[in-house]
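Undergrad: Here's a structure for you.
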Amino acid sequence: MRYSKIRAMYRLDAYDFELPSELIAQYPAQRRDESRLLVIHREPFRLEHRKFRDIVDYFSPGDLLILNKSKVIKARLFARRASTGGKVEMLVVRIRESNLFEALVKPGRKALPGEKLEMDGYTFVVLERLENGRRLIRIEGDGVIWEIMDRYGKPPLPPYIHREATPEDEKRYQTVYAEVPGSIAAPTAGLHFTEALLNALKEKGVKVLYIVLHVGIGTFKPIRVDDIRYHIMDPEYYEIPDDVADEVIKAKEEGRPITLCGTTVTRTMETWAFDENPRKGWSSIFIHPPYKFKVADRLITNFHLPRSTPFILTAAFTGLDKLKKAYVEAIKRGYRFFSYGDSTFIL
């Protein structure tokens, strides 16, 4: 690869593209598995246009499919300043103890250390300012943050969905296999699966396995450097069960393909990469071109924001030129983009 081309792949503007705003999905498809599926064949490059339920056709007995069973927490809380009564929104991004958590607060300029926030009989005290605009907050009295979120919280829909969350979002902005609470955003590549579709894969002999990565603000942290090599991801907690790791090792030895569902699963498995790192811990891996994938053979993922870390990871897996060609075709055909949008399957 020529030096000039290598330098170009590190430039953030190489990962930009134009997207008509009307293609940003504001609501999910009527049925999860009725969303559209763009199948991207890398070698030789070609595209197929299918429905997500057709994904079963691309699996064979013994194949592995790995999903992220992290569950989205109702992380948006609305309170008022005790001093003025002004409205404040808190987005819980990390829970340290039952009464101590980190949050992004809007408006942040009002959330100074010592400030008290009130909500339905609960009082929250801002203890200190942390990095990246976060605040450390303690609940006074007997309040438990998990219970408060469960009762009063709202699903943290992405900012490009220009509406308030509804009770339906509490169901649809969650995978059908979500189990372990901890994410502030859905692992959206898995939103298209239904119980029936998963059962069809299992009946075909596909081994469906589950890991956990709790999606945090690191996934959405904007890249603010021109050279992507200098971007630093915020750490996110992950767990890979021993039986999953053992199945992956065995599949690699036997040459059976491993399909990873989503960039969260991909970062988890590539962080571990066959015991080079622990099977449980914190991942801050940022995958960008050029990168040699150690676990992923195939990738299911939604259409991503330009200049974002998920888009750059997908470019590393697909090849940037091929991915951009696929996106051009998807835009031309009116595919729906981002969290509630359609899906790609990269072979």
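The values are calculated or read from the model by the stated rules, or taken from the named source; none is laboratory data. This is a predicted model, so every value here is computed, not measured. Quick reminder, even Gly has a Cβ in these numbers, built from the backbone with ideal geometry, and neighbours come from all protein chains shown.
Undergrad: Which condition number in (1) assigned to a loop (DSSP other than H, G, I, E, B); (2) under 23 Å from the mean Cα position of the chain (by Cα) is the one that Arg135 fails?
TA: The failed condition is (1).
Undergrad: Could you run through region 89-116 and say how many residues are more than 23 Å from Gly182 (Cβ to Cβ), surrounded by 15 or more Cβ atoms within 10 Å (Cβ to Cβ) and either more than 30 Å from the chain's Cα centre (by Cα) or modelled with pLDDT of 95 or more (or both)?
TA: Selection size over region 89-116: 1.
Undergrad: Which residues, taken from region 157-181, are crowded, with 18+ Cβ neighbours inside 10 Å, within 27 Å of Val208 (Cβ to Cβ) and at pLDDT below 95?
TA: Asp169
Undergrad: Which residue is surrounded by the fewest Cβ atoms within 10 Å (Cβ to Cβ), if the candidates are limited to region 315-331 and must be β-branched (Val, Ile, Thr) and farther than 12 Å from Asp342 by Cβ?
TA: Among those that are β-branched (Val, Ile, Thr) and farther than 12 Å from Asp342 by Cβ, it is Val328.
Undergrad: Of the residues Gly85, Gly62, only one is in contact with a Gly (Cβ under 8 Å, 6 or more places away or on another chain) and surrounded by fewer than 16 Cβ atoms within 10 Å (Cβ to Cβ); which?
TA: Of Gly85, Gly62, the one residue that is in contact with a Gly (Cβ under 8 Å, 6 or more places away or on another chain) and surrounded by fewer than 16 Cβ atoms within 10 Å (Cβ to Cβ) is Gly62.
Undergrad: If you don't mind, there's one more thing I want to ask. Under the condition of being at pLDDT below 95 and under 14 Å from the mean Cα position of the chain (by Cα), which residue from region 238-284 is surrounded by the fewest Cβ atoms within 10 Å (Cβ to Cβ)?
TA: Restricting to residues being at pLDDT below 95 and under 14 Å from the mean Cα position of the chain (by Cα), the top hit is Ser284.
Undergrad: Still on this structure: Applying the selection to region 19-55, what residues are hydrophobic (A, V, I, L, M, F, W, C) and loosely packed, with under 15 Cβ neighbours inside 10 Å?
TA: Residue satisfying the conditions is Phe45 alone.
Undergrad: Would you check if Gly205 is farther than 20 Å from Thr344 by Cα and either in a loop (DSSP other than H, G, I, E, B) or among the charged types (D, E, K, R) (or both)?
TA: yes
Undergrad: So which strands (runs of 3 or more DSSP E) are wholly in region 33-95 and hold at least 1 residues that are in contact with a strand residue (DSSP E or B) (Cβ under 8 Å, 6 or more places away or on another chain) and within 22 Å of Phe124 (Cα to Cα)?
TA: Filter on region 33-95 gives 76-81.
Undergrad: Which residues, counting only those in region 8-22, are under 14 Å from Tyr327 (Cα atoms) and assigned to a loop (DSSP other than H, G, I, E, B)?
TA: Selection gives Asp16, Phe17, Glu18, Leu19, Pro20.
Undergrad: Filter region 208-234 down to the residues that are in a helix (DSSP H, G or I) and of a type outside the set (S, T, N, Q) and list them by number.
TA: Of everything in region 208-234, those that are in a helix (DSSP H, G or I) and of a type outside the set (S, T, N, Q) turn out to be Ile217, Gly218, Ile228, Arg229, Tyr230.
Yes or no, residue by residue, for (1) over 30 Å from Pro20 (Cα atoms); (2) of a type in the set (D, E, K, R):
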| position | (1), (2) |
| --- | --- |
| Thr84 | yes, no |
| Ile95 | yes, no |
| Glu118 | yes, yes |
| Arg134 | yes, yes |
| Glu170 | no, yes |
| Val180 | yes, no |
| Pro187 | no, no |
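Undergrad: Show the residue pairs that are 6+ apart or on different chains and have beta-carbon atoms under 6 Å apart, the first residue being within region 221-250 and free of Cβ contacts under 8 Å to residues at least 60 places away in the same chain, the second being of a type in the set (Val, Ile, Thr) and surrounded by 18 or more Cβ atoms within 10 Å (Cβ to Cβ).
TA: So the pair list comes out as Tyr238/Thr268; Glu239/Val212; Ile240/Ile211.
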